[in-house]
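Data first, discussion second: the structure below is written as structure tokens.
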Amino acid sequence: MPPELRTREGRLAKLREAKAAIEQQAREATGNPDAVPEPKAQRNFTDPESKIMLSRPDGWVQGYNVGTAVDEKAQIIVATSVTAETTDTRTLPALVDQIKDNTGRLPARLLADAGYCSDENLAALQERGIDAYIAVGRDHHGVSAPPPPRGRIPAGLTRRQRMSRKLRTKAGRRHYARRKVIVEPVFGQIKEARGFRRFSLRGLEQVQAEWQLVAAVHNLGKLFTSGRAGRVISRQAMGSRSALGGASA
């Protein structure tokens, strides 16, 4: 055990420290100096910066949320993020900007799962001139897909409603179906083929560095198997479509 937890006094000190931190979080979240933490509020002693989040198929884990953008042509990771947030929504604009920083241009088309969908994100992608296909909800197995929409787009639809309609078109279904063969295999290769299923380091900054190393190893492997390892791939050689996905570890 860590030295600070080997004695009764040390354990009590850690518990008091955790209690004070939880109470401070409640006050900061509500703006009320007398706020009381929720009964189920928790604090992890090993890595206080991590959070409890749902990870399929592993269930609830104490960890971080990884978001990744992958190039269509070579399955190269072109942008990535690691946060302690349980949802992906707020990471999308930064990932898109990172794609431009890393490749020199924005993707012409972007595919993303429902975790990235919000009115703000749809507006941001439209402003950047990106043809977006983002799921507005999860599909249920065994439920037949609705027929493609007909006629003109009705007036007064919200951005989410317009996206939902777009995804029901034949072109929308065809484009969005590509997401699962662009980004999902990358997570499979990293987690199953290479056995990377959990972080070894603690703290957000160190975890981000560890994931950057994992992404670099993945990209080097793709570069080697492409037969182009002897020369640098130009930025113009990147595909024009990117897909986003996320995982907890």
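Phe187 meets the conditions (1) at pLDDT 85 or above; (2) more than 20 Å from Asn65 (Cβ to Cβ); (3) among the hydrophobic types (A, V, I, L, M, F, W, C) in every case but one. The failed one is (2).
Looking for whichever is closer than 27 Å to Gln212 by Cβ and either at pLDDT below 90 or out of contact with any Lys or Arg (no Cβ under 8 Å at 6 or more places or on another chain) (or both) here; the options are Ile76, Ile52, Ile22. Which one fits? None of the others qualify; the one that does is Ile52.
Residue pairs whose Cβ atoms lie under 7 Å apart, separated by 6 or more positions or on different chains, with the first residue in region 30-46 and at pLDDT below 90 and the second part of a loop (DSSP other than H, G, I, E, B) and among the hydroxyl-bearing types (Ser, Thr, Tyr), are Asn44/Ser50. Of the numbered criteria (1) part of a helix (DSSP H, G or I); (2) within 18 Å of Val66 (Cα to Cα), the one Phe199 fails is (1). One residue stands out among those in region 122-161 that are assigned to a loop (DSSP other than H, G, I, E, B) and at pLDDT 90 or above: the one that is surrounded by the fewest Cβ atoms within 10 Å (Cβ to Cβ), which is Gly129. Looking only at region 60-77, residues that are over 13 Å from the mean Cα position of the chain (by Cα), surrounded by 22 or more Cβ atoms within 10 Å (Cβ to Cβ) and among the β-branched types (Val, Ile, Thr) come to 1 in all.
Of all the numbered requirements in (1) under 30 Å from Glu17 (Cβ atoms); (2) outside any strand (DSSP E or B); (3) free of Cβ contacts under 8 Å to residues at least 12 places away in the same chain, Trp60 misses one, and that requirement is (2).
Is there a residue in region 173-182 that is surrounded by fewer than 15 Cβ atoms within 10 Å (Cβ to Cβ), over 20 Å from the mean Cα position of the chain (by Cα) and either at pLDDT below 95 or in a helix (DSSP H, G or I) (or both)? Yes: region 173-182 contains one or more residues that are surrounded by fewer than 15 Cβ atoms within 10 Å (Cβ to Cβ), over 20 Å from the mean Cα position of the chain (by Cα) and either at pLDDT below 95 or in a helix (DSSP H, G or I) (or both).
Applying a threshold of 8 Å to beta carbon distances and a minimum spacing of six or more residues, or different chains, the list of pairs starting in region 179-208 at a residue that is assigned by TED's automatic domain parsing to the domain that holds Asn65 and among the aromatic types (Phe, Trp, Tyr) and ending at one that is assigned to a helix (DSSP H, G or I) and surrounded by 15 or more Cβ atoms within 10 Å (Cβ to Cβ) reads Phe196/Ile190; Phe196/Val214; Phe199/Val207; Phe199/Glu210; Phe199/Trp211. Checking each residue in region 97-113 for being exposed (fewer than 13 other Cβ atoms within 10 Å of the Cβ) and either without any contact (Cβ under 8 Å) to a residue 24 or more places away in the chain or assigned to a helix (DSSP H, G or I) (or both) picks out only Asp101. Looking at region 85-96, is at least one residue assigned to a strand (DSSP E or B), without any contact (Cβ under 8 Å) to a residue 60 or more places away in the chain, in contact with a strand residue (DSSP E or B) (Cβ under 9 Å, 6 or more places away or on another chain) and under 26 Å from Glu210 (Cβ atoms)? For region 85-96, residues assigned to a strand (DSSP E or B), without any contact (Cβ under 8 Å) to a residue 60 or more places away in the chain, in contact with a strand residue (DSSP E or B) (Cβ under 9 Å, 6 or more places away or on another chain) and under 26 Å from Glu210 (Cβ atoms): absent.
The single residue among Ala243, Ala229, Ala216, Ala237 that is in the same structural domain as Gln75 (by TED's automatic domain parsing), at pLDDT 85 or above and not hydroxyl-bearing (Ser, Thr, Tyr) turns out to be Ala216.
The values are calculated or read from the model by the stated rules, or taken from the named source; none is laboratory data. None of these values were measured; they are calculated from a predicted model. Every residue, glycine among them, receives a Cβ derived from its backbone with ideal geometry; neighbour counts consider all protein chains shown.
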